[in-house]
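Student: I am attaching a structure below and will ask some questions about it afterwards.
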Amino acid sequence: MCETSRTMTSIARSSCTSVPNQKHRGSNHHCRQSCSTMDTDSQSLSTLGYFKTLPLEIFQMLLSYLSVKDISVLSMVSKAISNRLVNYISTPSGNRRFLLQDFHNIKLPGKRDGSCIIEHYKSLGLLLKRCTLLLPTKDRLKYIHKVLSEVSCFKLNGCPSPLHCVGLQCYGVFLQILIAGWDELECHRVFNFLCELSSLPRKVQAVVSCKPGSARKLELRIRLFCRSVLLNHWVHRSDSAFWLTRILKPWPMVNQARLLYIIFGPVSSLDGHVVWQKMIEGPTDETSLKGLADAIKLLYDAEAREWTADDVISLVDELSVVPREWLLENNARLLILSGNNICFTFMASKAVNGRAVELARLVVFLALVCEKDLYCMDWAVKMMQKVCKVFSTPGERNIFLQSVENAFAHMVMDMLQAVLAGNRDQEDVSFLNLFHLVNAQANFHKEILYLTMRSGSSTI
């Protein structure tokens, strides 16, 4: 029996190694193709490990016992398993499992308190990042779109109640995890892909071309989409600067200012719509200006390589007349919140361009904001001292300082007249403004006296 087996083995070996006859070439070619196919199948099955013995239905049933994070780890075992997971995600059962759409109730059913649908989409972003790792960027984006295309709340106009929906936030954290670590060219492709899907440029063109507030619902949706999807979830400032630059740079400066106000300006606490008259009708608080100030600082920082200092200052100047010229107090408060460098550069540009009277009024309002918001008054004095060095001649500097004193005097007289002419309700507000201005003037000059005395004593 053993001898027979050895004989048959030797015959089999010799048939594989000997040169075939001409009439057997076709059958031998077919044999090689079959062997090659079997080898490929065998290799694919071997990468599945013990899963190769499981029917596909059982494999998918096992996935239901794993968390999304665990499945993302499983996807890195082999390409074959990753392909199985990609196919599973695209199935109706995979869609039901992974594409949770209860965006108006952030607690996941059946989970302990604190579980959040946003965390689920972070994990899903990691899963799809790993599953599509070997695909080109274009194919990855097409697959992601195919998977997410049925989620209406991920679309710019998809949700009927966007203020009470976390869909765009989920989409944002999903994208942030998915493209983290991608190079700049790939991120450009992602932005262009999102613009094409959402028609964002066309919608932005519509709101910046019409009268402010005439397309309130569209303004709100653009604000929510840009903030929740493109801007809010980045850890590094350089990433935030990149995406904000992508949103703003395609537009002229005047439209950039309008768009910046739509995205970061003050909104109504009742309906979430942009409040365009906030900066015009009266003094506003820091909360209404903080978003704009943070965005300006982001563009001014070194991380925003595509913006020069002149670009940012021009943007601030343009912003101060959106939709019409702001109250100078609000302009001064924005400059203070934007930081020393931006404030000084903005003021220095006015000094260089011969706008001394306008600059002097701005100094007065900087002092007034310091008094109202409890900032140190010596900051305003030192800022004025620094700006004085920008003037090229002593004569220009003296004209500027005289203009500052004149601005204080004129403002006191204007506010006093408002107190005398106002009714009872207006009188209280006007008197309070006059009270703050007189105190600001006194403290401003007190700091100048301190500075003069210190410099005088050092020279004695």
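The values are calculated or read from the model by the stated rules, or taken from the named source; none is laboratory data. In this text, all values refer to a predicted model and were calculated from it rather than measured experimentally. All Cβ positions, glycine included, derive from the backbone under ideal geometry; neighbour counts span all protein chains shown. Heads up: the accessible areas ignore ligands, DNA and RNA and are worked out on the full protein's heavy atoms, side chains in. Shrake-Rupley method; radii C 1.70, N 1.55, O 1.52, S 1.80 Å.
Student: Which whole-number percentage describes the relative contact order of the stretch 351-422, with Cα contacts under 8 Å and a sequence gap of 6 or more?
Tutor: 44 percent
Student: Rg and Dmax of the stretch 358-451, using alpha carbons, in Å: what are they?
Tutor: Cα-based Rg and Dmax for the stretch 358-451 come out at 14.4, 49 Å.
Student: Take the solvent-accessible surface of the protein heavy atoms, probe 1.4 Å, and return the percent of it on the stretch 190-328 that carbon and sulfur atoms account for.
Tutor: 51 percent
Student: Where does the charge balance sit around LEU299 when Lys and Arg score +1, Asp and Glu -1, over other residues with C-beta under 11 Å from its C-beta?
Tutor: -1
Student: Right, another one. Relative contact order for the stretch 199-338 using alpha-carbon pairs under 8 Å, separation at least 6, rounded to a whole percent?
Tutor: 27 percent
Student: At 1.4 Å probe radius, can you tell me the per residue accessible area of the stretch 251-318 in Å²?
Tutor: 43 Å²
Student: Take the cross-link list LYS142/LYS211; LYS52/LYS142; LYS297/LYS389 and give me the ones stretching past 27 Å between alpha-carbons.
Tutor: Over 27 Å apart, Cα to Cα: LYS142/LYS211; LYS52/LYS142.
Student: Could you order the peptides 128-137, 314-323 from most to least packed, using the average number of other C-beta atoms within 10 Å per residue?
Tutor: 314-323, 128-137
Student: Compute the length gained on full extension between SER64 and THR393: take 0.36 nm times their separation in residues and subtract their Cα-Cα distance, giving the result in nm to one decimal.
Tutor: Separation in residues times 0.36 nm, less the Cα-Cα distance, equals 110.7 nm.
Student: On to the next question. Quick one: in the stretch 199-338, what % of C-alpha pairs are over 17 Å apart?
Tutor: 57 percent
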